[in-house]
Amino acid sequence: MRSPFDRRTRAARAALRERGAAAFALTPGANTAYLVDYAADAGERRAFLFLPARGEILVVPELDGARARTDAAVADVRTWGDADDPLAVAGDALDDCGVAGGEVLLDPEMAARFVLDLQGLRPECEFALADGALGPLRARKDDAEIDALRRAGRAADRAMRDVRGWGDEAVGRTERELARRIAARLDAHGGHGTAFPTIVASGPNAANPHHDPGERAIEAGDPVTLDFGTRVDGYPSDQTRTVVFAGDPPAEYAAAHETVRDAQRAAVDAVEPGVPAHEIDAAARDVIEAAGYGDAFVHRTGHGVGLGVHEAPTIVAGNATPLEAGMVFSVEPGIYVEGAWGVRVEDLVVVTETGCERLNDTPRGWRI
Ligand code: ZN
Ligand code: ZN
């Protein structure tokens, strides 16, 4: 039986052929984790995965060599020591890959200095980004990926239930303190660290969709936006609830929260194969506009989620990509009133043959 990595590298090579390009040149990260099960960050040291029409070569610093030979689904691993010239090793690898001229598809995550290295080694080549070729492959998740995403969602859901259980006890604690406690709950429920910086945004801070938790203490009556996720088998969760731990929220808040939940439901109900991504955005936006908060919904409705927390498909006006079974993305409408409050509700969904399945199922209301 083929490993998922064999299947994925074959599909990547097919995309390469279809485009008429010579090779992918990737940097350890989400793309290499996806294709060859290796993602060790080499920092400022040079590391490349070259994937041409046939064979593939992983070039890593010597100190990562043992790990690469054990972990990576690549037969040809080459290393360079700190006293060596890494570009000599990379240049030989490009020769052996048969990349004489033609187009090289670059990892969008590759640092600019490494891009310049490759351009210097192969001035006769054309360079372009790899996401047009790899994005569609990564967007359609296989069963193992969906299973990991489901388990990551469950770990985050369990942590969210714990958070709701804090009730009054959260009042007087700082945003940063809650963020630390959330990280501990994610690990306790089988997650591996935080998938992205946890957002705990209280009171007027909740009007900033990407607020960094700070020293503000939670007050009774504060709406608090909680957006966090963890990883399981490398795959992240990402969900948001906005709750009031104690007391009564601002006057217009309950109705606005209901509007966001209605918008989220309308968008989730619209998900099925064949529907263009922008229609999901419109389904949420229409509800929020009808309630008079159109200008206060200041971001797209969602983003694809896989090894990357933000990947294809983006759920935004203008993206006509038709949804396909296996795609996983967030549905996260919000309303943000500057200086006052904010609300966002987010779940991940996986597109199925007939509609979609939510990967989060904790209560969505603001009342604890
Ligand atoms: Zn989120
Ligand atoms: Zn998100």
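The values are calculated or read from the model by the stated rules, or taken from the named source; none is laboratory data. All figures in this text were calculated on a predicted structure; none of them were measured in a lab. We place every Cβ from the backbone using ideal geometry, glycine too, and count neighbours over all the protein chains shown. Please note that ligands, DNA and RNA were not included when accessible areas were found on the heavy atoms of the full protein model with its side chains. Shrake-Rupley method; radii C 1.70, N 1.55, O 1.52, S 1.80 Å.
Some points to look at:
- Among (1) within 16 Å of ligand 2 (Cβ to nearest atom); (2) assigned to a helix (DSSP H, G or I) - the single one Asp262 does not satisfy: (1)
- A single entry from Val316, Val337 fulfils the requirement of being open to solvent by 40 Å² or more (accessible area, probe 1.4 Å), over 13 Å from the mean Cα position of the chain (by Cα) and within 16 Å of ligand 1 (Cβ to nearest atom): Val316.
- If only residues of region 59-78 that are of a type in the set (A, V, I, L, M, F, W, C) and touching an Asp or Glu at 6+ places or on another chain (Cβ under 7 Å) are counted, the one that is most open to solvent (accessible area, probe 1.4 Å) is Ala73.
- Against the criterion of being under 18 Å from Ala111 (Cα atoms), in a loop (DSSP other than H, G, I, E, B) and open to solvent by less than 30 Å² (accessible area, probe 1.4 Å), Ala90 does not qualify.
- The set of residues from region 228-250 being within 16 Å of ligand 2 (Cβ to nearest atom), part of a strand (DSSP E or B) and either open to solvent by less than 10 Å² (accessible area, probe 1.4 Å) or hydrophobic (A, V, I, L, M, F, W, C) (or both) comprises Phe228, Thr230, Pro236, Gln239, Thr240, Arg241, Thr242.
- Region 194-204, residues that are within 16 Å of ligand 1 (Cβ to nearest atom) and not in a strand (DSSP E or B): Ala195, Phe196, Pro197, Thr198
- Among the criteria (1) under 15 Å from Ile368 (Cβ atoms); (2) within 19 Å of the chain's Cα centre (by Cα); (3) among the hydrophobic types (A, V, I, L, M, F, W, C), the one Leu186 does not fulfil is (1).
- For region 262-291, the tally of residues that are touching a residue at least 60 places away in the same chain (Cβ under 8 Å) and within 15 Å of Val316 (Cα to Cα) stands at 5.
- Residue that is outside any helix (DSSP H, G or I), open to solvent by less than 20 Å² (accessible area, probe 1.4 Å) and at pLDDT 95 or above, where the choices are Gly221, Gly172, Gly190, Gly153: Gly221
- Ile218, sole failed condition from (1) over 18 Å from the mean Cα position of the chain (by Cα); (2) of a type in the set (Val, Ile, Thr); (3) within 16 Å of ligand 2 (Cβ to nearest atom): (3)
- Residue check, Val260 farther than 13 Å from Val349 by Cβ and within 16 Å of ligand 1 (Cβ to nearest atom): yes
- Residue match in region 66-73 (condition: assigned to a strand (DSSP E or B) and touching a Leu at 6+ places or on another chain (Cβ under 6 Å)): no
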